[in-house]
Amino acid sequence: MIALSGIKKSFGKNEVLSGIDLKVNRGEVVAILGPSGSGKTTLLRCINYLEKPDSGVISIGDFKLNCRQHGKKDVHALRQKSAMVFQQYNLFRHKTALENVMEGLVVVRKVSKAEARERSIALLEKVGLGAKLNAYPSELSGGQQQRVGIARALALNPEVILFDEPTSALDPELVGEVLSVIRQIAEEGITMIIVTHEMGFAQEVANHVVFMDGGVIVEEGEPKQLFRYPKEERTQQFLKRITPEAGYSI
Amino acid sequence: MGATFDFSFVFQYFIKLLPTIQLTLLIVASAIAIGLVVGFLVALPQMYNIPVLRRVSQVYISFFRGTPILIQLFLFYYGLPEMLKLIAVDAARWPALYFVILTYGLHSGAFMSEMIRAAVASVDRGQVEAAYAVGMTGPQAFVRIVLPQAFATALPVFSNLIIASLKDTSLAFSVGVMELTGKASTLAVVSRHLIEAYISLAAIYFIVSFVLERLLRLLEQRVQKRGLASL
Ligand SMILES: Nc1ncnc2c1ncn2[C@@H]1O[C@H](COP(=O)(O)OP(=O)(O)OP(=O)(O)O)[C@@H](O)[C@H]1O
Ligand SMILES: [Mg+2]
């Protein structure tokens with residue numbers, strides 16, 4: 001289980017996260033929605049300490065970290081609990097698809113090369129890239145790169161995978177292939193937190209939806225509930241804005 | 001002033017100059033080696049934005065890039081022994097070669113630091129974050145992800161710096177180091193076959209830089225795609 005409590009983060013005078021509390025159960029898929037600048041990316045980045053929160057407590061599984069008092073080792077340990085899939089894929093550009101997936105296993109988890117190789121090949125096959133093992137990122141389409149990114153995250157067998165708008169940099173015709181891979185791993189019971197603007201997808205795949213605005217969680221709940229009967233006015237406005245044709249239909 | 005042109009001297013001088021290539025290459029190699037270490041140290045405060053050191057390294061870079069290397073050579077050759085006297089070190093008898101290597105090393109260090117900084121900056125921040133996200137430590141991310149790619153980006157600049165420093169070595173003669181130019185000038189003056197001596201000299205520089213350039217180009221092609229992993 002993942003629990004965030006009282007996560008605060010400011011950039012200079014700009015308070016971006018004003019005390020976030022969130023619980024995610026094992027195997028749950030949580031979708032985070034919200035307007036641009038509401039702090040979704042920052043929250044995700046705080047969970048694996050790519051951004052250091054000013055205060056709050058992050059616990060993942062049996063590991064707990066207080067953002068005000070910890071050492072470098074704790075950050076390192078925290079990062080091992082999660083994996084991240086980036087909006088811009090962020091593949092290692094001098095490594096092949098296979099090497100990208102193996103890298104964390106070999107360097108961080110100290111798995112033998114042979115075993116890492118075997119596991120990585122299996123994962124790349126799973127995301128439909130069995131034929132592209134030795135391709136460099138520059139030789140792959142955006143959708144293929146993102147699927148390598150997902151395999152790289154899966155390889156670490158983390159407690160949770162964090163997705164930051166995994167399809168928003170993709171050409172529309174490539175969005176589907178990535179979403180279907182995410183859908184597939186969601187069904188396997190892997191815990192995921194996904195920031196997304198794909199409302200249909202969020203509604204279909206997520207067990208829990210969180211709506212953020214202005215650095216706070218405005219409302220959260222089951223997808224059906226939240227999409228159909230949003231309680232808060234800000235949520236209603238947001239949903240109306242992104243689904244202009246009167247009302248959302250399932 | 002000179003004797004009549006005689007082509008056979010060109011050959012004769014060419015052969016005579018060959019052994020001296022060693023000394024010139026020694027200066028180049030030492031300067032590059034020192035330059036790499038110094039350049040890395042000077043680039044660090046810039047890359048990590050360390051307040052005071054950053055200023056210091058900027059002044060260092062501006063000085064060595066902005067003043068003629070000949071003047072730097074004189075400053076070190078004549079000035080350094082005076083400074084060392086103050087702390088009771090007698091440098092008056094040190095070979096001129098030491099000063100030459102030191103000056104060229106520090107000089108190329110300024111250019112190397114710019115090269116390193118630009119090359120490291122060219123690796124996008126996202127890849128470093130991805131490395132952290134898979135659980136790598138800072139040094140692991142630097143060595144495994146940033147360095148190989150930065151190296152590939154830096155190589156063409158590095159080649160240029162090597163060739164430039166090869167040509168700069170011709171100034172070492174002005175503090176009495178008998179490298180290629182020094183040797184050629186002496187031959188020229190003694191025999192009065194000036195043109196012939198300088199033709200041989202030019203030919204030697206040309207051949208050495210041509211060979212270096214080719215070798216570096218080969219290395220570049222290998223490193224292009226895969227960075228250090230291909231070495
Ligand atoms: N490194 C940073 N330095 C300064 N300000 C930042 C930094 N990162 C984010 N911000 C600010 O924090 C706020 C929230 O940004 P964040 O990227 O978390 O929003 P978001 O909800 O992910 O938006 P989007 O939907 O556009 O991705 C924005 O006002 C942004 O300008
Ligand atoms: Mg964002």
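The values are calculated or read from the model by the stated rules, or taken from the named source; none is laboratory data. Only a predicted model underlies this, so the values are computations on that prediction, with no experimental measurement involved. Quick reminder, even Gly has a Cβ in these numbers, built from the backbone with ideal geometry, and neighbours come from all protein chains shown. Heavy atoms of the whole protein, side chains included, go into the accessibility calculation; ligands, DNA and RNA do not. Shrake-Rupley method; radii C 1.70, N 1.55, O 1.52, S 1.80 Å.
Of note:
- The A:S10 and B:A202 beta-carbon pair, evaluated with R₀ = 60 Å, returns a calculated FRET efficiency of approximately 0.40.
- For region A:129-155, residues shielded by at least 50 square angstrom of accessible area compared with the chain on its own, probe 1.4 Å: A:Y136
- Restricting region A:170-250 to GluC sites (Glu not before Pro) in coil, as DSSP defines it, with at most 16 other Cβ within 10 Å: A:E188, A:E232, A:E245
- A 1.4 Å probe run over the protein chains yields, for the protein assembly as shown, 48 Å² of accessible area per residue, whole-number rounding.
- Members of region B:133-152 that become less accessible by 30 Å² or more once partner protein chains are added (1.4 angstrom probe, chain alone as reference): B:A133, B:V134, B:G135, B:M136, B:Q140, B:R144, B:I145, B:Q149
- Scalar couplings 3J(HN,Hα) for region B:74-91, obtained by applying the Karplus form with A = 6.51, B = -1.76, C = 1.60 to θ = phi - 60°, are 5, 4, 6, 5, 8, x, 4, x, 4, 5, 5, 4, 4, 9, 6, 10, 9, 9 Hz; x denotes Gly and Pro.
- The orientation-averaged projection of the convex hull spanning the C-alpha atoms of region A:57-178 amounts to 8.2 square nanometres.
- Per-residue [θ]222 nm for chain A (sum of -39500 (n - 2.57) over DSSP H runs n ≥ 4, rounded to 500): -11500 deg cm²/dmol
- Range in chain B, longest, excluding exposed trypsin sites (Lys or Arg not before Pro) [loop by DSSP; at most 16 other beta-carbon atoms within 10 Å]: B:94-191
- Cα-based convex hull, the protein assembly as shown, per residue volume (Å³, whole number): 210
- Chain B - Rg and Dmax from Cα coordinates, angstrom: 21.3, 74
- Buried accessible surface for the A/B chain pair comes to about 1900 Å², total over both chains, computed with a 1.4 Å probe.
- Square roots of five times the Cα gyration tensor eigenvalues for region B:1-87, Å: 40, 18, 13
- Counting only lysines at least 8 places from A:K240 when in the same chain, those with an alpha carbon closer than 18 Å to its own are A:K224, A:K231.
- Evaluated over chain A, the Cα radius of gyration and Dmax, each in Å: 18.2, 56
- Along its principal axes, region A:57-114 has C-alpha extents of 38, 29, 19 angstrom, given from the largest down.
- Cβ-placed point charges (K, R +1; D, E -1), dipole of the protein assembly as shown about Cα centre in debye, nearest 20: 1040
- For region A:83-97, accessible area lost to neighbouring protein chains reaches 50 Å² or more, against the chain alone with a 1.4 Å probe, at A:N90, A:F92, A:H94.
- Ordering of A:70-76, B:38-44 by burial proxy (mean other Cβ atoms within 10 Å per residue, highest first): B:38-44, A:70-76
- Expressed as a whole percent, the accessible area of the protein assembly as shown that falls on carbon and sulfur atoms is 58 (1.4 Å probe).
- Signed unit charges on C-beta, dipole axis of region A:168-250, positive-most listed residue A:V210, A:Q237, A:V175: A:Q237
- Most simply put, chain A has about 60% antiparallel DSSP beta bridges, counting only bridges with both residues inside it.
- Beta bridges per DSSP, both residues in the protein assembly as shown: antiparallel share near 60 percent.
- Simple point charges give the picture: +1 on the Cβ of Lys and Arg, -1 on the Cβ of Asp and Glu, and for region A:81-120 a dipole about the Cα centre of about 100 debye.
- Reach of A:K95 by Cα under 23 Å, taken over lysines that are not fewer than 8 positions away in the same chain: A:K110, A:K113, A:K126, A:K132, B:K225
- Label separation (B:S209 vs B:A29): 2.1 nm, computed from points 7 Å beyond Cα along the C-beta direction.
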